[in-house]
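Have a look at the structure below before the remarks.
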Amino acid sequence: MAVPQRRDQLTFDAFCETHEQAWLAAALACRLSEEQAHAVVDAVRDWLWGDWQMLLREPAPAASAWRVLKEEIARAGLAAKAPDSPPDLQDQWRAAIRTAIHRMCLSREFDPDVHGTYEALLSLPERQQDVIILRYALDLRDETVAEYLDSTVVTVRSHARHATDRLKEKLARRNV
C-alpha cells in the first residue's frame, strides 16, 4: 500500500508545483496580502489532497483546481471590497491592472485609470474576467488558460477578444 500512496504524493506534488505560482499570483492579483495569498494556496492544496483520487479521474483537474482557488479567494475576502486595504496591496493591484492594460494595448488608446479599468473588468462576464486575469495580468499561455478553464485555445482567444472589445467600449465611454 505504501507504493500507491507514494505515487499519489509525487503526482500531487508535481501538479501543485506546476500550478502554485499561478495560484499565488491570482490571489495577489485579487488584492489579498502575501500572507492571505499563501493561506489561500495552502487551503487549495489541502482541499485538492483530500479529493486527489477523484480529481485525477476528472477530465480537467486544473480547471477544478481553478474553481477551488476562486472559492478560497472569495472566502478569504476580496480586498477589492475593502477600501481600507493597506497601501502595498493597493500598489500590487495597480501593478497587476497596469500590466494587463499594457499587455492588452489599451494604454495607447486610453488614460490608464486603474480604478476605472478595475470597475470595467468587474462588469465583464466571469469567464472573460478569468481570461483577462490569467492571460494578461498573470501572462499565462493560452494553452494554460484553456486548461484552467476547461476550455479550448480558440475559446480563450475569443473570450480575450470580446473582453478587450468590451473594455475598450467601457473605457471609451468613461473618457468622453
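Just a few scattered comments:
- Taking 155, 117 and ordering them by how much accessible surface each has at a 1.4 Å probe, largest first, produces 155, 117.
- Under the Karplus curve 6.51 cos²θ - 1.76 cosθ + 1.60, θ = phi - 60°, whole-Hz ³J(HN,Hα) for the range 7-13, x wherever Gly or Pro sits: 4, 4, 5, 5, 5, 4, 4
- Area accessible to solvent at residue 170, 1.4 Å probe radius, in Å²: 60
- Global geometry of the range 1-67, whether rounded, prolate or oblate, following the gyration tensor of its Cα atoms and the 1.5 cut on a/c: prolate
- By a 1.4 Å probe calculation restricted to protein chains, residue 58 has an accessible surface near 70 Å², given to the nearest 10.
- Sequence of 159, 102, 38, 19 when ordered by accessible area, the most exposed leading, probe 1.4 angstrom: 102, 38, 159, 19
The values are calculated or read from the model by the stated rules, or taken from the named source; none is laboratory data. Predicted, not measured: the structure shown is a model, and the values here were computed from it. Quick note on the areas: whole protein, heavy atoms, side chains included, nothing else; ligands and nucleic acids left out. Shrake-Rupley method; radii C 1.70, N 1.55, O 1.52, S 1.80 Å.
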